[in-house]
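Encoded as structure tokens, the structure appears first; notes follow it.
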Amino acid sequence: MTPPEPAPQRADARRNRARILDAAAAVFAAHGASASTEQIAARAGVAIGTVFRHFPTKKDLLRAIVKDLMERLTAEVAELAADGDPATALFAFFDRMVREAGEKKTVADLLAADAGVEVPVAGPVQALREGIGVMLDRAQRAGAVREDVRLDEVLALLTAACQGALAAGWDDDLRRRTLAIVYTGLRPGAASARPAG
């Protein structure tokens, strides 16, 4: 006999969970390891018991932040691949991924320090491969990306940029300058650096 399916969360419980995750990400980014559950509850506008009901430990909360981010990025890549502006969707998503990696540095550091859990970059980027491939194809057909750029190259660039932002916690200025260089290489008119033969 199979166990019964867990009951779906009530709408207010889902809203509270989302508010707690948003608040926790902001509080961890601002206060690092010294962030308290009280600060998270206050920022989310919920009682401290509500935080513990959803996330019994700090590790549970940190993991949920990373999982929530991946779910949002997966939804975003699907939406952009289907309905985004072909000329800008790939660049907008690239920017969002790198920005999120930089902003989640504190969460990744806390997971590594408190729980011995590393936040991988390559796996999540590869999980988004299909949607990124659609955006690349549409961008190339719109003339926004060079025709000789391949999906594996875009994924390698995205993984490297996200890893750099995650490891060093890039600020907005460094992210903008670095991505401007990457985008220049992707756009038509950039010289191809492909080896001969």
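None of the figures in this text is laboratory data; all of them are computed from the coordinates on show. Keep in mind that this is a model prediction, so the values were computed, not measured. In this analysis, Cβ positions are derived from the backbone assuming ideal geometry, glycine residues included, and neighbour counts consider all displayed protein chains.
Which members of region 25-43 meet the condition of being without any contact (Cβ under 8 Å) to a residue 60 or more places away in the chain and part of a helix (DSSP H, G or I)?
Of everything in region 25-43, those that are without any contact (Cβ under 8 Å) to a residue 60 or more places away in the chain and part of a helix (DSSP H, G or I) turn out to be Ala26, Val27, Ala30, His31, Ser34, Thr37, Glu38, Gln39, Ile40, Ala41, Ala42, Arg43.
Could you tell me whether any residue of region 44-67 is out of contact with any Ser or Thr (no Cβ under 8 Å at 6 or more places or on another chain), without any contact (Cβ under 8 Å) to a residue 12 or more places away in the chain and within 30 Å of Gly133 (Cβ to Cβ)?
yes
Restricting attention to region 137-150, which residues are surrounded by 15 or more Cβ atoms within 10 Å (Cβ to Cβ) and under 17 Å from Leu80 (Cβ atoms)? It would help to see each step written out before you state the result.
If we filter region 137-150 for residues that are surrounded by 15 or more Cβ atoms within 10 Å (Cβ to Cβ), which is where we start, we get 137-140, 144-146, 149.
Residues satisfying the conditions are Asp137, Arg138, Ala139, Gln140, Ala144, Val145.
Residue by residue, here is whether (1) under 26 Å from Arg17 (Cα atoms); (2) assigned to a helix (DSSP H, G or I); (3) acidic (Asp, Glu) holds:
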{"position": "Val66", "(1), (2), (3)": "yes, yes, no"}
{"position": "Ala82", "(1), (2), (3)": "no, yes, no"}
{"position": "Asp95", "(1), (2), (3)": "no, yes, yes"}
{"position": "Arg99", "(1), (2), (3)": "yes, yes, no"}
